[in-house]
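Report on the following structure.
The values are calculated or read from the model by the stated rules, or taken from the named source; none is laboratory data. Predicted, not measured: the structure shown is a model, and the values here were computed from it.
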Amino acid sequence: MPASANDNSAKRAMKPADMPDANEPTGRPCATCGKPAIKAYHPFCSKRCADVDLGRWLTGSYAVPVAPNPDEDSDEDETRADGE
């Protein structure tokens, strides 16, 4: 029997947790909490941990450390002295 127009299960998009083998562990710990990560949210154990990590990136909690380059500062000073 064909699916009716009102059958939402046929139209519903698959979420990561609905995919086959999605809840299978990856063998690595979650990058946020340390619990075993699952394939659906790799490298995390859940959508919550993935969202926590995203929030940390968006708020600037994660940053790539950069050492000041003394050459850039001296070039800037020379340019200002010459240009102004």
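May I ask you to say which residue of Ala63, Ala81 is at pLDDT below 85, assigned to a loop (DSSP other than H, G, I, E, B) and not charged (D, E, K, R)?
Details: Ala81 fails: assigned to a loop (DSSP other than H, G, I, E, B).
Every option except Ala63 fails the conditions.
Of all residues in region 26-60, how many are hydroxyl-bearing (Ser, Thr, Tyr) and outside any helix (DSSP H, G or I)? Talk me through it step by step, then tell me what you get.
First, pick out the residues of region 26-60 that are hydroxyl-bearing (Ser, Thr, Tyr): 26, 32, 41, 46, 59.
Pick out the ones that are also outside any helix (DSSP H, G or I) and you get 26, 32, 46.
Number of matching residues: 3.
Just to check your reading of the model, which residue among Pro43, Pro29, Pro20 is at pLDDT 60 or above and over 28 Å from Tyr62 (Cα atoms)? Break it down stepwise before answering.
On the way: Pro43 fails: over 28 Å from Tyr62 (Cα atoms); Pro29 fails: over 28 Å from Tyr62 (Cα atoms).
Criteria check complete, one pass: Pro20.
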